[in-house]
Amino acid sequence: MQIIIPITGYGSRFKAAGFEDLKPFIEVHGKPIIEWVVKMFPGEDDIIFVCREKHLQEISDMKQTLKRIKASATIFAIKNWVKKGPVYDVMQAQSVIKDDEPVIVNYCDFYMRWDYQDFKRILKKENPDGAIPCYTGFHPHLIPESNVYASCKVDGNNDLIEIREKFSFEKDKRKAFHSVGTHYFKSGELLKKYCQKQIDQKIMFKNEYYSSLTYNLLCKDGLKTHVYYKISHFCQWGTPEDLKEYLFWIENIKNFNQEA
């Protein structure tokens, strides 16, 4: 499996909140977020970090840190980066993505506890063209009404009908399927084909090409995207507020367990 992780963003909200490091390198429980991301895929060595050349030049230990996390990783540098979203970043790095191997495009600002081997077994059983791991049920970051993420509408076989960004298909968000930010495609060739379609058709959300929205094009063409929902724990670290909220709940749960 190829694992592509774009880490190109400004992290402007974290900068404004006083964080000095780029978002993927902010430490949570003693490890940078990007290390937690890589840990979600045990046994995978074909990791592609898509970076801004400017960041690699300005942050002296960035390459060293990425290689410490995964020595076999490919570090792809984008020259003259422009903010157009993860799909656009992935297409800048298409020369290092193998056409004949499956691929995951993964966001760089969350962690989940899951059975990755079970996910791969489901892929083998269902043989989908795409797959979206989702969480459901109670998660603290869903409590604020304004907190909405990418939500999936599914059929009776848990195959995707539609995905929307910053939306919930259920009024009670605990009942909705929320994409974690892990996007599987059956092959690199399929990924490139539909990412390019998305760019050609200018399918964007808030002026960015989101990886989630690529799947609506697969659905339109009659291809199967399976929604995998067996995610036991999901940690949302995408904004300073998300991270603060996560740490608040972790601390309170720890204190409760100590008192119980």
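Every number here is computed from the coordinates shown, using simple stated rules; none is lab data. This one's a predicted model, so the numbers in the text were calculated from it and none came from an experiment. Because the Cβ atoms are built from the backbone with ideal geometry, glycine has one as well, and the counts that use them run over all protein chains shown.
Miscellaneous remarks
- Calculated [θ] (222 nm, deg cm²/dmol) that DSSP helices of n ≥ 4 give over the chain, each run adding -39,500 (n - 2.57): -9000 deg cm²/dmol
- Ranking 196, 152, 19 by Cα position along the charge dipole of the range 2-259, where only Lys, Arg, Asp and Glu carry charges on their C-beta atoms, puts 196 farthest toward the positive end.
- Distance violations [Cα-Cα > 26 Å] among 197/230; 186/206; 171/206; 79/192; 39/171: 197/230; 186/206; 39/171
- Each residue of the range 155-166 was assigned a 3J(HN,Hα) from its phi angle through the Karplus curve 6.51 cos²θ - 1.76 cosθ + 1.60 (θ = phi - 60°); the sequence is 9, x, 9, 6, 9, 5, 9, 7, 10, 10, 7, 6 Hz, with glycine and proline shown as x.
- Within a Gaussian network of the chain (alpha carbon springs, distance under 10 Å), most fluctuating of 126, 35, 162: 126
- When 125, 186 are sorted by how many other C-beta atoms sit within 10 angstrom of their C-beta, beginning with the fewest, the order is 125, 186.
- Spread over its residues, the convex hull of the C-alpha atoms of the chain is 143 Å³ per residue.
- Each Lys and Arg adds +1 at its Cβ and each Asp and Glu adds -1 at its Cβ; summed about the Cα centre, the chain shows a dipole of about 300 debye.
- In terms of surrounding Cβ atoms within a 10 Å radius of their Cβ, 22, 56, 247 rank from fewest to most as 247, 56, 22.
- Positive-end residue of 218, 167, 233, charge dipole of the range 123-260 with Cβ unit charges: 218
- Percent RCO, i.e. relative contact order, over the chain, from Cα pairs under 8 Å lying at least 6 residues apart: 23 percent
- Distant-in-sequence amide H partners of residue 149 (H built 1.01 Å from N, under 5 Å): 166, 167
- Separation in nanometres of the label points that stand 7 Å from Cα toward Cβ, at residue 170 and residue 58: 4.2 nm
- Were the residues from residue 65 through residue 138 laid out at 0.36 nm apart, the gain over their Cα-Cα distance would be 22.9 nm.
- Across the range 186-193, coupling constants 3J(HN,Hα) worked out from phi with the 6.51/-1.76/1.60 Karplus curve, θ = phi - 60°, read 4, 8, x, 4, 5, 4, 5, 4 Hz, and Gly and Pro carry x.
- Nonlocal amide H pairs with residue 28, under 5 Å, H built at 1.01 Å: 33
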